[in-house]
Amino acid sequence: MYVAIDDTDSREGMCTSYLLAKMIAEMPYDLIGLPRLVRLNPAVPWKTRGNGALTMRVGIGGGSPRTIGGHDGDDIVFFPRLKKEVDADEVVDLFLPLIEEHQQPGSNPGFVVSRTKPPQSFYWKGVRDILEIEEVETMLDDMGAVRHGIGDGRGIIGAACGMAWRPRDRSLEMLAYRDIVRWGSERTLSISSVERMDALYPSTFNNIELRWRKVAISPSTPCPVLLGVRGDDLDDLLEARKVLEGEEPAMWLTFLSNQGSDDHIIEDASELLPDRSYRLRMTVSSQAIENKGGFVIIRSTHLGQEMDCAAYEPSKEFREVLRALRPGDEIEAFGELRDSPRTLNLEKLRVLSVADVNVKKGNPRCPRCGKAAKSVGKDAGYRCRHCSVHIPEDEVPMEREARILIPGWYEPPVCARRHLSKPLCRMGLYQPLDFV
Ligand code: ATP
C-alpha cells in the first residue's frame, strides 16, 4: 500500500519527515523500499520551507531486510519487495489519528493511501507547475485511492504528486532527529567532524561551505531535525553518519529523494510563466546593476525579450560572476521566474562565451600639448584645459578589456543552494574559477 503525507508542519515547529519517521518506527507493517522525500515546485507560495512531500510503501515484506535507520535502540529496516498487501482501511485507521495529533496550527495536511501510484504526469506537474486541488482529487477518486484532507486539505496535492514520483535521477538523505526535550535549543555538532566526513565520503554533497567553515547539514529552526546528510551511495551514507560528532540523535532514517536532480527546471519553454523554474539561453545586455540589500541584477535578452537575472545577498560570491559579465556574453541561466519584480532568480549559470569588450584607455592626451584631456560629459568627448582642443567620443583611444570570466558552469555556495538544484559535483563538473 502506498502512503503519502504533506503539509503537517509550520514554521514554528514540527517537520513532515519526522512524522513519517515516527509512523514507520511505530507501525506494525514492513517498509517496502526506501521512504521518499519528494521535493515539489520550490516556487509555490504555500510552502513552509522546502516544499517536501513524504511517501512510503507498506505491507508484508519479502527478500533480505536492510537497515536504513534507528529508533530507541531498534533498527529501522526496509524490504526490497512486497510479499503480501495490507488493507487500505486499516492503514488509514492506524495513521490518521497520528497525523491529526501532530498537525501544526495553520497547516493543511493531506493524507493519501493507494494500492497503485498516481500517473507520473502528476509528479512532473507537481515539481514544475501549479496544480488545482480539484484535478488532484478527481484523479485520486478515479484510481480508487483513499484521501483525507484536513484544514483546507491543500496537502493532498503534495501527497499525490510525491506518490507519483518514479525516480529518474535520484539521491539519498540520511535525516537524524532530536530528542523532544531538546527541540528549540541550540544544536551541537563538531565542524571538524563535518569536514572529515565531507573529505572521506565524496559521494555525499552539500555538507559544508569549506571556504567559511559553514555547516549546511544542520538547520537552525526549532524543528525536530538535528541534521541531514545528502549523498548518492547508501553504503557511504550509512558509514558517513558514524564520522559525525555532537548531539546524539533520538531517531534517524534514510530517504530516497529527488533532491539535487534539477527536475524542477523547464527546458525549451514555449511561454514563460511566473512561479516556475527555467533554463534559458540569453545574451547579456547590461553590466551588473547593484541594488540595496546586496542583490545584483544583469539585464539579458531571451528570444528578443528583455529579462532581469538576479542573485541575492545569501548567494555571496556567486554575485561576482554577474559582476564579471559584459554585454554580448552568451549565457545559460537556471532559475525561478518571479512575477513582481519580474526577475529570474538565479540558481546556476553557464557562461557559454565571453564577448570581446573594448574599454577606454583612460583620459586621452591632447594632440597639441600632450596633456591629459578632461571629459565634458557622458558621450560628449574630452577637452584639453590648456589648448581647448576637443576630442570627440569616437576618437578616444580604446583597448581590449582583459576579461576575468571564462566559459564554464558557476553555482552559489553550498549554503545558498536549493534542495532541487543539481550541484555541479553531481554533474561531474566544477567551477572553472573561484571567487574568494
Ligand atoms: P516542509 O518542507 O517543512 O515539510 P513544505 O515546505 O513542504 O514544508 P508545506 O507545508 O507542505 O510546505 O506546504 C506546501 C503546500 O503546497 C502543500 O499544501 C502542498 O500540497 C502544496 N503544493 C505543493 N506543490 C504544489 C504545486 N505544484 N501546485 C499546487 N500546490 C502545491
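Every number here is computed from the coordinates shown, using simple stated rules; none is lab data. Quantities reported herein were computed from a predicted structural model and do not represent experimental measurements. Cβ atoms come from the backbone with ideal geometry, glycine included; neighbour counts cover every protein chain shown.
Quick rundown of the values:
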item	result
Residue among PRO119, LEU189, TYR278 farthest towards the positive dipole end of the chain, charges placed on Cβ	TYR278
Only Lys, Arg (+1) and Asp, Glu (-1) charged, at Cβ; segment 2-166 dipole about Cα centre in debye	900 debye
15 Å beta-carbon shell around TRP165, net charge (K/R +1, D/E -1)	+3
Neighbour-count ranking [beta-carbon atoms within 10 angstrom, fewest first] of VAL3, VAL86	VAL86, VAL3
Taking the convex hull of Cα positions in segment 172-257, its mean projected area over all directions (nm²)	5.1 nm²
Share, in percent, of DSSP beta bridges within segment 32-89 that are antiparallel, nearest 5	95 percent
Residues in segment 303-323 that a label on TRP212 would reach, taking backbone N under 20 Å of a point 7 Å out along Cα→Cβ	310-323
Rg over Rh, two decimals, the chain (C-alpha only, Kirkwood Rh)	1.10
Rounded tilt (10° steps) of 88-102 against the dominant C-alpha axis of the chain	60 degrees
Nearest-20 debye value, the chain charge dipole, Cβ charges on Lys, Arg, Asp, Glu	2360 debye
Segment 172-257 - charge dipole about Cα centre, Lys and Arg +1 at Cβ, Asp and Glu -1, debye rounded to 20	320 debye
Sparsely packed chymotrypsin sites (Phe, Trp or Tyr not before Pro) within segment 368-417, loop by DSSP, other Cβ within 10 Å at most 10	none
Trypsin sites (Lys or Arg not before Pro) lying in DSSP loop within segment 141-193, provided at most 15 other Cβ fall within 10 Å	ARG168, ARG187
In segment 67-104, trypsin sites (Lys or Arg not before Pro) in a DSSP loop with at most 11 other beta-carbon atoms within 10 Å	none
Bridge type composition, the chain - antiparallel percent by DSSP, nearest 5	90 percent
Residues PHE79, PHE435 arranged by fewest to most Cβ contacts within 10 Å	PHE435, PHE79
Given charges at Cβ of Lys, Arg, Asp, Glu: the chain dipole, positive-most of GLY59, VAL44, THR343	THR343
Stretchable slack from SER190 to THR301, in nm (0.36 nm times residue separation minus alpha-carbon distance)	35.3 nm
Net charge contributed by nearby residues that have their C-beta within less than 13 Å of HIS390 (K/R +1, D/E -1)	+1
Length released on extending from ASP233 to GLU85, taking residue separation times 0.36 nm less the Cα-Cα span	50.4 nm
Stretchable slack from MET398 to THR221, in nm (0.36 nm times residue separation minus alpha-carbon distance)	58.3 nm
